[in-house]
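Worksheet for the structure shown next.
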Amino acid sequence: MKNIVITVCSLFLFNSSFAQEKGLINNEATPNMKLKTIDFADCQWTDGFWAERQKLCHENMLPNLGRLMDDPNTIHAFDNFKVAAGLVEGEFRGFSFLDGDFYKYVEALAYTYGVTKDESLNKRMDEIIAVVAKAQREDGYLHTKIQIGHGINKFPRKDQQTFETFNKPFTIDFDHEFYNFGHLMTAACVHYRITGKRNFLDIAIKASDLIYEKFINPTPELVAIDWNPPHYMGLVEMYRTTGDKKYLELAQSFVDKLGTSKESGAMESRGLDHSQKRTPFREETEAVGHAGHGNYMYCGITDLYAETGEVALLNSLENVWSNIANEKMFVTGATGSYHHTVSRNNDKISEGYAESYDLPNTVSYNETCANIGNAMFNWRMFLLNGESRFADIMELVFYNSALSGIDLKGENFFYTNPLRFVQGQSQITRDSGERREFMPVFCCPPNIIRTIAKMHSYAYNTSDKGVWVNLYGSNTLDTDLEDGTNVKLSQKSNYPWDGAIEINVDVKRKKEFSLMLRIPAWVDGATLKVNGENVSETLKSGTYFDLKRQWKKGDKVELNLPMKAQLVTANPNVEQTRNQVAVKYGPLVYCLESKDLPSDVSLLDVVIPQDIHLTPRFDANLLSGVTVLEGEAGILEKQDWTSNQLYKKLEPRQLNKVNVKLIPYYAWSNRGKTDMSVWLPAEWK
Ligand SMILES: [Zn+2]
C-alpha cells in the first residue's frame with residue numbers, strides 16, 4: 001500500500017522515514033511518466049508460464065547461483081568482498097566488473113524475498129550486506145579489484161593484467177567502476193523498498209556521495225573513464241529513493257559530458273563510438289557501440305528525461321529507439337549484431353550495434369544482457385505515455401532473447417544468442433551451441449535470473465486512467481489507484497500457449513476507471529466480452545484498448561487474442577534473411593532443431609512453403625511443456641560439398657517432403673548438441 005503523505009515528506013527530508021514506495025522504480029512523483037509502477041507485493045503469478053519460472057527461480061536458480069557466487073574456486077565473487085573486508089586472506093580473482101554482477105544476485109534475492117517472504121533469503125542478504133559494508137572504505141569507495149590490489153585480474157590483454165599499473169581508483173575505464181557502482185545503487189534501492197532496511201542503502205549513499213564529490217566537476221581524464229553506465233539509472237533511482245537532488249544533478253552532468261571528451265580512455269583498442277562517447281547525446285540519431293552499454297545508457301537517459309522533461313533528450317531517445325526497432329533489432333528482440341565490428345566513424349566496437357539492417361544469423365552476438373537492456377529501455381519508454389509499441393518489444397524480449405539465455409533447469413547459461421547454429425561451421429558463436437554453468441564473464445547469469453525474479457512487476461501499471469494490463473497469464477493483482485481506490489484483479493490464462501484471458505474484478509464499491517488492455521501487434525481479430533456481453537468496438541492491434549466503465553465486484557472480462565502460427569519475413573534490406581521466413585506463435589518466436597528431423601536430413605536443406613499449414617500441439621512432456629508447431633515442409637535433395645569448395649555449377653535438386661516440428665526459440669539447446677535455425681528458406685509458389 002502506498003503512503004502518499006510519507007512520499008511528500010520525503011521530497012524535503014532525508015531521514016529514516018523517507019519514501020518507501022515499493023515499485024521496481026520509484027516513479028510515484030516522477031513528472032514525465034504517466035504510468036506508475038505497482039508495489040512489489042501487489043502482483044503474484046499464480047499458475048502457468050511465469051509462475052513456474054519464478055518457482056524454479058526460488059527453488060533452484062538462486063541456490064545454484066549463490067553456490068557459484070560463494071565458490072572461491074570458480075567465480076570468487078563473494079570471496080573478493082571477504083578479502084577486501086579483511087575477513088579472509090586472499091587475492092582478487094576475476095574480472096573487474098564481478099562486484100556489479102554480485103549485486104545483481106543480491107537484487108534477485110530481494111525480488112524473490114518480496115514474493116515468497118522466505119526468511120532464509122532475508123538472512124542471506126543481511127550476511128552479504130554486512131561483508132560488503134565491511135569492505136567499503138571509509139570515504140565510500142568500494143571496488144574489490146582495486147582495493148585488494150593483487151591477484152588474478154582477468155583482463156583481456158597480458159599487459160593489462162598487472163595490478164601495479166591499474167590499482168588506483170578512477171584511473172581507467174576498463175575497471176568498470178561505474179558498472180559496479182551503478183548496480184550497487186539499483187540493488188540497494190530495491191533491497192530497501194522490499195525489506196524496509198537501510199543497511200544496503202546506506203552503503204550506496206556513501207558510495208554515491210563519493211562519486212558526486214569526485215565527478216560533479218570532473219577533469220577531462222575523469223570524463224574519459226565514464227564507461228559502461230548502469231550508474232545513470234542508479235543515480236536517478238538514488239534521487240527517487242532518498243529525495244536528494246544532487247544525485248539527479250550528477251546523472252545530468254554525466255549525460256551532458258557525453259561526446260565532450262576525445263579521450264578514448266585506456267581501452268584504446270576500442271573507439272569512442274564503442275561507449276557512445278563520440279556524439280553528444282542530444283545530437284544522437286542512431287544506436288551505436290556496445291549494445292549492453294548502450295541499452296543501459298538509454299535506460300538511464302529515459303529516467304533522466306522522466307524527471308527533467310528536457311525535450312532534446314526525448315527526441316534523441318526516440319531517434320535511437322526508432323533506429324533499433326526498425327533497423328537494428330533481431331526478430332527475437334535481441335540487439336548487438338557482432339562480436340567485433342566498426343562504427344560508421346570507423347571506431348572499433350565490441351559486442352555491438354552494426355550498420356542498419358546488418359542482422360546476421362550464425363555469427364549474431366546478442367548478449368543476454370544487451371537483450372534484457374533492450375526490454376528495460378522499452379519498459380521505461382512505455383512508462384512515459386503508455387504506448388503499446390514499447391510494451392510489445394518488452395514482451396518480445398522476455399519470451400525470446402532474454403529467456404534463451406538460461407536453460408530449462410535454470411542452471412546453465414548462454415552469453416550469446418545467435419539465430420542459427422550449425423555444428424562444425426567455422427564461424428560459430430563463443431558459446432558453441434551449448435549453455436554452460438559457469439563462464440568467466442559472469443554478467444548474464446545473474447541478469448536473466450533477476451529479470452525472471454521481478455517479472456511480476458512488469459505485469460501491471462497504474463495511471464490516472466486506471467489499471468494497465470501489460471502481461472498476460474494467471475496472476476492476482478491487489479493495488480491502489482491514485483485516488484486510493486483499492487482494485488483487485490484475478491487473471492486466468494494459459495498464455496503464451498493460448499490467447500484466452502479471463503480477468504475478474506473486485507472493488508469494494510462501484511467505481512469508474514479504465515482497464516487498459518494491451519492488444520499486441522501480432523494479433524488478428526482480438527475479441528472482448530464483459531459479463532458475457534460482446535464489446536462492439538474494434539480492438540486495434542498494437543494499441544491499448546481503453547475499457548472504461550463503472551466496475552463492481554464480480555465483473556468478468558474475457559479477452560481473446562487468437563493465436564496461430566504466423567510466417568514472418570524481414571525487410572529486404574536485411575541481406576542475411578532475404579527469401580527466408582521465421583515462424584511466430586503469439587509472442588513466441590519458433591525455431592527448428594536438427595533433433596526433430598530424420599537423422600539423414602540436414603537442417604540447411606529444409607524449405608518452408610509459403611502456404612505451410614502448421615498445427616499447434618501442446619506437449620506437456622517436451623521441454624518442460626511447450627506448444628510445438630507441426631507441419632509438412634520441403635526438403636532439398638542432398639548435395640555433395642567438399643570442405644574446401646566455395647562455389648560450383650548449379651545442379652538441379654529435387655524438392656521432397658519432410659515433417660517438421662518447430663519449438664519455441666527460448667527452449668533450443670536443451671536436448672544436447674543440435675543444429676538450430678530461426679530463419680528458414682521460403683518456397684514461393
Ligand atoms: Zn552479460
Once exposed loop chymotrypsin sites (Phe, Trp or Tyr not before Pro) are cut out (DSSP; at most 15 other Cβ, 10 Å), longest piece of the chain: 15-437
10 Å binning of all Cα-Cα separations within the stretch 222-346, expressed as whole percents from 0 upward: 13, 45, 33, 9, 0
FRET efficiency, Glu91 to Glu213 (Cβ-Cβ, R0 30 Å, nearest 0.05): 0.50
Mean residue ellipticity (222 nm) of the chain, computed from DSSP H runs ≥ 4 via -39,500 (n - 2.57), nearest 500: -9500 deg cm²/dmol
Whole-angstrom gap from the stretch 430-473 to the stretch 483-541, using each part's C-alpha centre: 24 Å
Where a label projected 7 Å from the Cα of Arg578 along Cα→Cβ would reach, residues of the stretch 351-381 with amide N under 18 Å: 355-362
For Thr362, distant residues with modelled amide H under 5 Å away: Arg420
Distance (nanometres) between label positions extended 7 Å along Cα→Cβ at Arg671 and Asn656: 2.1 nm
Relative contact order, percent, the chain [alpha-carbon distance under 8 Å, six or more residues apart]: 12 percent
Charge sum, other residues only, whose C-beta stays under 13 Å from Tyr179's C-beta, Lys/Arg counted +1 and Asp/Glu -1: -4
Theoretical FRET efficiency, 1/(1+(r/R0)^6), r = Cβ-Cβ of Asn385 and Val535, R0 30 Å, to 0.05: 0.80
Neighbour cut-off at most 15 other Cβ (10 Å), DSSP loop, GluC sites (Glu not before Pro), the stretch 596-685: Glu637
The stretch 565-683 - convex hull of alpha carbons, volume per residue in Å³: 129 Å³
Whether the stretch 627-685 is rounded, prolate or oblate, judged on the alpha carbon gyration tensor where a/c under 1.5 counts as rounded: oblate
Label point distance in nm, Val342-Lys649, each placed 7 Å from Cα along Cα→Cβ: 4.0 nm
Accessible area, probe 1.4 Å, largest first, for residues His290, His58: His58, His290
Karplus 3J(HN,Hα) series, Hz, for the stretch 372-387 with 6.51 cos²θ - 1.76 cosθ + 1.60 (x for Gly, Pro): 4, x, 5, 5, 5, 5, 5, 4, 5, 5, 4, 5, 4, 9, x, 8
About the Cα centre, charge dipole magnitude for the chain (Lys/Arg +1, Asp/Glu -1 at Cβ), debye: 880 debye
J(HN,Hα) series, the stretch 613-628, from Karplus relation 6.51 cos²θ - 1.76 cosθ + 1.60, nearest Hz, glycine and proline x: 9, 9, 9, x, 9, 7, 10, 5, 9, 9, 6, 6, x, 9, 8, 9
For Val581, distant residues with modelled amide H under 5 Å away: Leu680, Ala682
The stretch 199-279: GluC sites (Glu not before Pro) falling in loop per DSSP and having at most 11 other Cβ within 10 Å: Glu268
Of Lys409/Lys488; Lys154/Lys257; Lys154/Lys197; Lys409/Lys673; Lys134/Lys214; Lys55/Lys145, pairs whose Cα-Cα distance is over 28 Å: Lys409/Lys488; Lys154/Lys257; Lys154/Lys197; Lys55/Lys145
Ile194 accessible area, 1.4 Å probe, all protein chains in place, Å² to nearest 10: 30 Å²
Enclosed volume per residue, in Å³, of the convex hull spanned by Cα atoms of the stretch 496-602: 139 Å³
Estimated inter-spin distance, Ala500 and Leu604, nm [label 7 Å along Cα→Cβ]: 4.5 nm
All-pairs alpha carbon distance profile, the chain, 20 Å steps from 0, percent: 18, 53, 27, 3
Selection of GluC sites (Glu not before Pro), the stretch 312-361, meeting DSSP coil and at most 16 other Cβ within 10 Å: Glu355
Table column - 3J(HN,Hα) (Hz), the stretch 313-320, Karplus curve with 6.51, -1.76, 1.60, x for Gly and Pro: 5, 5, 4, 5, 4, 5, 4, 5
Distant-in-sequence amide H partners of Gly410 (H built 1.01 Å from N, under 5 Å): none
Farthest positive-ward along the stretch 19-459 dipole, Cα basis, beta-carbon charges - from Gly294, Thr195, Leu419: Thr195
Accessible-area value, Cys299, 1.4 Å probe, nucleic acids and ligands omitted, Å²: 0 Å²
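The values are calculated or read from the model by the stated rules, or taken from the named source; none is laboratory data. None of the values given here were measured: they were computed from a predicted structure. Reconstructed Cβ throughout: ideal geometry from the backbone, glycine too, with neighbour counts over all protein chains shown. Just the protein is used for accessible areas: all its heavy atoms, side chains included, with ligands, DNA and RNA removed. Shrake-Rupley method; radii C 1.70, N 1.55, O 1.52, S 1.80 Å.
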